[in-house]
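**Student:** Below is one structure. I have some questions about it.
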Amino acid sequence: MNETTKTITVNRRLRPIRLAFLIEPKDKQTLRKILQINTCLWGGRFNAIIPVYKRTPKSWGDKYIRPPAAKEVLSGYIDAFEPDYLVVPNSEYKIRPQFPEDRVITLKDILDPSADNPIGFGIDVIELFSYLYEKEFQFVRRHPHEVILLKSKYRQMDIFKAACFGEFPKARELAYLVNGYKDAFDAKEMDLNESNLFQFFKTNKFTPLRLACDGISVHDRGWSLGPSLFYMDGTSPLDLIDYWNLRAAGYRIVPLPSQWAPNLVDDCTDFITQNHRPYRHNKEMMHMTTMICSRSSKFEDVQNYAKTLKTPRGALSCQHWYPRIWDEWARDKDHVVRANVTYKEGDIDVQSSNHRINFPDISPAFVERFGGRSTPRWVNVIQLSDYSHSPDFAAVIPPNTPDLDKILETLDRNGVWSTSEGIIIPSQHFKWTHRWNLPTATEIFSGWMTAKGFQFQTSSAGNITSQIVRCLGGSWGISAIADDEIIYLLNKMASGSTVNIKQWMGLLKKTSRNHATIAQRRLKHLLAHKVLQLGLRIQCCYCSQHTWYSLDAVRETLTCEKCLQSFDFPVDAPPKDSWHYRTIGPFSVPNFAQGGYCVAIVLRFFSHTLHSEVSWMPSFTLQGKDIQLESDFGVFWQQSKYQRSEPILILGECKTYDRFEKKDIDRARKLAEIFPGAVFAFCTLRKELDAPEKKKIAAFAKRGRRYWKSEKWYNPVLVLTGIELFSDFGPPHCWKDAGGKYSTHGESYHGYNDIQELCDATQQLHLDMEPYWTWYHKKVEKQKRRRNMIAKQKTST
């Protein structure tokens, strides 16, 4: 395939714009306005409401744990929901978290009753209501839906009603919203009271907030908690915000206000009993309902109420804490990882030309061609895939990559940015075509490092490695040289020596388990990708030295490169067994292609062997203020493209067959100080490290095991040897094949904890370190003994 033309797969996922509203929880007036705004927006139910404090209340912690700092709560919510735009009450609002200023908007930017188009950001629900009427509701249904507009005689529960079911604004200029809702669906006004709350959550009942999300599907990204009840104070703004955010994150949750709970005993019992059913794939396990205690309620009240419910045994679980959305560590533990929201999704294959692609986005079927106020109305989430495995293609783009619009050279006026979902395009025009440059790993690394304050530059050794990978056709092609004997032979040939066909075929058959067909296929790959070049080795009739001639150089008259004499080709006795191969291009560079073979095989391990997505850079230097750093390679690694997670930065030291020295460890230490959380990989093609190496690297690895955040180590250390790097299957299969102590680890390794578990396993195998949790418990016990000793000394004095 031509290098400038290849097929790129563009995955496009259409979803509503995701907003995050900042609010002081005691401000009931602004809270109600926010609820009304979200009722007017397509998909408004999935927007977040973030409570803002000057000082976090004690209720956010418990008697053993102090509440988190107010700034941590704010940044944690933003990190959890990854909003497209942050909404502040007004332009004078002083609290400005770390967020792009051009994506901070006000309530008036979203809903302005005095504007010709009241809805700014997002899609006006009237467009959806008109579409649903034309497609569905104007016809008589066999099983009709009931569309409801709720009212309540309890004024103190008005905000509760708005949070659960939606409420249209009261402004006269916005009367078209409620009138359009009534006209399109013949909506019935009904009273909401203490005895009929649960009936409005049935599948055939539609309220404004639910109907505004018609057609949107929710897919869990983590383990789902299942159906839940939220025991809450129906008049507490904080509880209403908490309920709203759980539902926005994807929880299947029903509110249970304590004011009405005594009248809802039978409904709660029915809800819990109906959900107590066997798992689809394990009939011996049953689903259960979780009753979550709000932060304005007492857990004793929840327990006492649960005792009044006549439910099957094991059908109900009471949870005394509110899921910690704002805590990166606790999100997964509390099963509150934000779900993916999708209206429509699809792949399209496009041809790149000179590294540029054109592709159309996906638009909602119900929108007017021109609407809004020339502001974004919906979002396309884009993921790019290059199945030709081009070595310079950036398959992984870290969240908040700086200047991404410049890297892509996009003309989109609203800009683009990256999140854990992918590349975000805020869209406003129907079926718009986008024209992008394909992102390269060099651009991504350079932009990311520049934002950290470093000048980024690829080294000469890095350029050679890039050429090796490019010649071999990407990470898959590196398998052709992933063998000890092949590496040694290529290095020997780099000095100018040639090897005959018989020797190469014998080696390839040996490394292919004596499969002649596979060996022949691998030889063709090496020839086709310009690793080897065929020629004749002919003896000079003057100096008796042998010279290798390529096929292009074979003529009737030859020139000896040793004595420079010309002689005739021996046509009367042509050489029969003198066909030899010679390395060409980057494979002719000595010293194992300046370490390029090892780095290339490491790339193969992270991408091909582990079946992961990577953006990688070979050897590079970083020039900062009063400091210069270098690394043999860098990788943005993502375990799977199908379950998106935040990419991990991996930096590495490679030694093809040399030993790791103190200077290599010192270099890694300097990088570790600059990049906390990054994984450091020590890679060699040798099968085992010697004792001095183990001691040096183990000291660095122990320091890297320190706690950083969210159960993550400060700098996990990964050790890769020829056992892992030359294997086609990777851990744990390569360890089982190696036998001995490796086989034992292979049987116990599961890989559930991503790269950190792999680091722990390789530290045990190659550095003779104890398992992390054994080391951790010893450390805790040692600290406990020290504290006890200090306490005794104080007592004695």
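**Student:** For the stretch 646-665, give me the residue count where each residue is open to solvent by 50 Å² or more (accessible area, probe 1.4 Å) and either assigned to a helix (DSSP H, G or I) or among the β-branched types (V, I, T) (or both). Spell out the reasoning first.
**Tutor:** Initial filter on the stretch 646-665 (open to solvent by 50 Å² or more (accessible area, probe 1.4 Å)): 646, 658-659, 661-663.
Among the residues that remain, those that are also either assigned to a helix (DSSP H, G or I) or among the β-branched types (V, I, T) (or both) are: 662-663.
So the count comes out to 2.
**Student:** Does L508 count as modelled with pLDDT of 95 or more and part of a helix (DSSP H, G or I)? Step through it out loud before you land on a result.
**Tutor:** Details: modelled with pLDDT of 95 or more: no; part of a helix (DSSP H, G or I): yes.
Answer is no for this residue.
**Student:** So which residues in the stretch 215-246 are among the β-branched types (V, I, T), assigned to a loop (DSSP other than H, G, I, E, B) and more than 27 Å from the chain's Cα centre (by Cα)? Give the derivation first.
**Tutor:** Initially, the stretch 215-246 is screened for residues among the β-branched types (V, I, T), giving 216, 218, 235, 241.
From the residues that got through so far, the ones that are assigned to a loop (DSSP other than H, G, I, E, B) too are 216, 235.
Listed by number, the list holds a single entry, T235.
**Student:** So which residues in the stretch 285-321 are surrounded by fewer than 16 Cβ atoms within 10 Å (Cβ to Cβ), more than 34 Å from the chain's Cα centre (by Cα) and part of a loop (DSSP other than H, G, I, E, B)?
**Tutor:** Residues satisfying the conditions are K298, T308, K310, P312, R313, G314.
**Student:** In the stretch 26-44, which residues are more than 32 Å from the chain's Cα centre (by Cα) and not acidic (D, E)? Step through it out loud before you land on a result.
**Tutor:** From the stretch 26-44, those more than 32 Å from the chain's Cα centre (by Cα) are 26-33, 36; that's our starting set.
If the condition is that a residue be more than 32 Å from the chain's Cα centre (by Cα) and not acidic (D, E), then K26, K28, Q29, T30, L31, R32, K33, Q36 are the ones that fit.
**Student:** What helices (runs of 4 or more DSSP H), lying completely within the stretch 46-163, carry at least 1 residues that are in contact with a Pro (Cβ under 7 Å, 6 or more places away or on another chain)? Steps first, please.
**Tutor:** Values: elements: 70-81, 107-110, 125-132.
Where helices (runs of 4 or more DSSP H) fall fully within the stretch 46-163 and carry at least 1 residues being in contact with a Pro (Cβ under 7 Å, 6 or more places away or on another chain), they are 70-81, 107-110.
**Student:** Tell me, which strands (runs of 3 or more DSSP E) wholly within the stretch 556-626 include 1 or more residues that are without any contact (Cβ under 8 Å) to a residue 40 or more places away in the chain?
**Tutor:** 557-559, 566-568
**Student:** If you go through the stretch 388-439 one residue at a time, how many are open to solvent by less than 30 Å² (accessible area, probe 1.4 Å), of a type in the set (S, T, Y), part of a strand (DSSP E or B) and in contact (Cβ under 8 Å) with a residue 40 or more places away in the chain?
**Tutor:** 1
**Student:** Here is a check on your reading of the model: is F185 among the aromatic types (F, W, Y) and within 39 Å of the chain's Cα centre (by Cα)?
**Tutor:** It is false that F185 is among the aromatic types (F, W, Y) and within 39 Å of the chain's Cα centre (by Cα).
**Student:** Looking only at the stretch 200-214, filter to residues that are touching a residue at least 40 places away in the same chain (Cβ under 8 Å) and part of a loop (DSSP other than H, G, I, E, B); which one of those is nearest to the chain's Cα centre (by Cα)? Write out each step before concluding.
**Tutor:** Here is the first cut: in the stretch 200-214, the ones touching a residue at least 40 places away in the same chain (Cβ under 8 Å) are 200-201, 204-214.
The next check asks that each one be part of a loop (DSSP other than H, G, I, E, B); those that pass are 204, 207, 212-214.
Details: N204: 36, T207: 35, A212: 29, C213: 26, D214: 28 Å.
Among them, the one singled out is C213.
**Student:** Is it the case that the stretch 187-195 has a residue that's closer than 30 Å to Y131 by Cα, outside any helix (DSSP H, G or I) and without any contact (Cβ under 8 Å) to a residue 24 or more places away in the chain? Before you say what the answer is, go through the steps one by one.
**Tutor:** The initial filter retains those residues of the stretch 187-195 that are closer than 30 Å to Y131 by Cα, namely 187-192.
If we keep only those that are outside any helix (DSSP H, G or I) as well, we get 187-192.
Then keep just the ones that are without any contact (Cβ under 8 Å) to a residue 24 or more places away in the chain; that gives none.
No - not one qualifying residue is present in the stretch 187-195.
**Student:** Checking V719 against (1) in a helix (DSSP H, G or I); (2) under 20 Å from F605 (Cβ atoms); (3) of a type in the set (V, I, T), which single condition isn't satisfied?
**Tutor:** (1)
**Student:** How many residues does the stretch 762-797 hold that are of a type in the set (V, I, T) and under 37 Å from the mean Cα position of the chain (by Cα)?
**Tutor:** Kept after step one, since they are of a type in the set (V, I, T), are these residues of the stretch 762-797: 762, 774, 780, 790, 795, 797.
Now restrict to residues that are under 37 Å from the mean Cα position of the chain (by Cα): 762, 774, 780.
Matching residues across the stretch 762-797 total 3.
**Student:** Return the residue satisfying two criteria in turn: it lies in the stretch 201-229 and is of a type in the set (V, I, T) and under 20 Å from E189 (Cα atoms), and of such residues it is modelled with the highest pLDDT.
**Tutor:** Kept after step one, since they are of a type in the set (V, I, T), are these residues of the stretch 201-229: 203, 207, 216, 218.
Checking the rest, the ones that are also under 20 Å from E189 (Cα atoms) come to 203, 207.
Numbers: T203: 82, T207: 93.
Restricting to residues being of a type in the set (V, I, T) and under 20 Å from E189 (Cα atoms), the top hit is T207.
**Student:** Does the stretch 724-738 contain any residue that is surrounded by 14 or more Cβ atoms within 10 Å (Cβ to Cβ), free of Cβ contacts under 8 Å to residues at least 60 places away in the same chain, under 23 Å from the mean Cα position of the chain (by Cα) and closer than 26 Å to Y597 by Cβ?
**Tutor:** Scanning the stretch 724-738 turns up at least one residue that is surrounded by 14 or more Cβ atoms within 10 Å (Cβ to Cβ), free of Cβ contacts under 8 Å to residues at least 60 places away in the same chain, under 23 Å from the mean Cα position of the chain (by Cα) and closer than 26 Å to Y597 by Cβ.
**Student:** Quick one: G751 ticks every box in (1) part of a helix (DSSP H, G or I); (2) surrounded by 14 or more Cβ atoms within 10 Å (Cβ to Cβ) bar one, so which box is it?
**Tutor:** (1)
**Student:** Which of the residues that make up the stretch 323-345 are of a type in the set (V, I, T) and either more than 13 Å from W223 (Cα to Cα) or in contact with an Asp or Glu (Cβ under 6 Å, 6 or more places away or on another chain) (or both)? Break it down stepwise before answering.
**Tutor:** Here is the first cut: in the stretch 323-345, the residues of a type in the set (V, I, T) are 325, 336-337, 341-342.
Selection gives I325, V341, T342.
**Student:** Can you name the condition, by its number, that A69 falls short on among (1) among the aliphatic types (A, V, I, L, M); (2) over 19 Å from T30 (Cβ atoms); (3) open to solvent by less than 20 Å² (accessible area, probe 1.4 Å)?
**Tutor:** For A69, the exception is condition (3).
**Student:** While we're looking at this one, here's another question. Search the stretch 308-337 for residues that are over 30 Å from A69 (Cα atoms) and of a type in the set (S, T, N, Q) and pair each with any residue that is open to solvent by less than 50 Å² (accessible area, probe 1.4 Å) and assigned to a helix (DSSP H, G or I) when their beta-carbon atoms are under 6 Å apart and the residues are at least 6 apart or on different chains.
**Tutor:** Here the result reads T308/V265; T311/T269; T311/I272, each pair linking the stretch 308-337 to a residue that is open to solvent by less than 50 Å² (accessible area, probe 1.4 Å) and assigned to a helix (DSSP H, G or I).
**Student:** While we're here: What pairs can you find where one residue is in the stretch 265-279 and on the phi < 0 side of the Ramachandran plot, the other is among the aliphatic types (A, V, I, L, M) and surrounded by 13 or more Cβ atoms within 10 Å (Cβ to Cβ), and their Cβ atoms are less than 6 Å apart, with a gap of 6+ or different chains?
**Tutor:** Close Cβ pairs satisfying both conditions: C268/L309; T269/L309; I272/A315; I272/L316; H276/M286; H276/A315; P278/M286.
**Student:** Looking at this structure, is K202 of a type in the set (K, R) and under 21 Å from C268 (Cα atoms)?
**Tutor:** On the way: of a type in the set (K, R): yes; under 21 Å from C268 (Cα atoms): yes.
Yes; evaluated as a whole, the condition is true for this residue.
**Student:** If you take the residues of the stretch 666-682 that are in a helix (DSSP H, G or I) and free of Cβ contacts under 8 Å to residues at least 40 places away in the same chain, which of them is nearest to G722 (Cα to Cα)? So that I can check it myself, show each step before the final result.
**Tutor:** Going residue by residue through the stretch 666-682, those that are in a helix (DSSP H, G or I) are 666-674.
If we keep only those that are free of Cβ contacts under 8 Å to residues at least 40 places away in the same chain too, we end up with 666-669, 673.
Values: D666: 24, R667: 23, A668: 21, R669: 24, E673: 29 Å.
Looking at residues that are in a helix (DSSP H, G or I) and free of Cβ contacts under 8 Å to residues at least 40 places away in the same chain, I get A668.
**Student:** Here's a follow-up. Considering only residues of the stretch 169-200 that are out of contact with any Asp or Glu (no Cβ under 8 Å at 6 or more places or on another chain), hydrophobic (A, V, I, L, M, F, W, C) and open to solvent by 10 Å² or more (accessible area, probe 1.4 Å), which is farthest from G234 (Cα to Cα)?
**Tutor:** By that ranking, first place goes to A184.
Here's the yes/no breakdown for (1) modelled with pLDDT of 90 or more; (2) in a helix (DSSP H, G or I); (3) over 30 Å from A600 (Cα atoms):
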| residue | (1), (2), (3) |
| --- | --- |
| W708 | no, no, yes |
| P731 | yes, no, no |
| E747 | no, yes, no |
| E757 | yes, yes, no |
| T774 | yes, yes, yes |
| R786 | no, yes, yes |
| M789 | no, yes, yes |
| K792 | no, yes, yes |
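The values are calculated or read from the model by the stated rules, or taken from the named source; none is laboratory data. Please read all numbers here as calculations on a predicted model, not as lab measurements. Please note: Cβ atoms are built from the backbone with ideal geometry, for glycine as well, and neighbour counts cover all protein chains shown. Ligands, DNA and RNA are stripped out before the accessible areas are found, and what is left, the full protein with its side chains, is counted by its heavy atoms. Shrake-Rupley method; radii C 1.70, N 1.55, O 1.52, S 1.80 Å.
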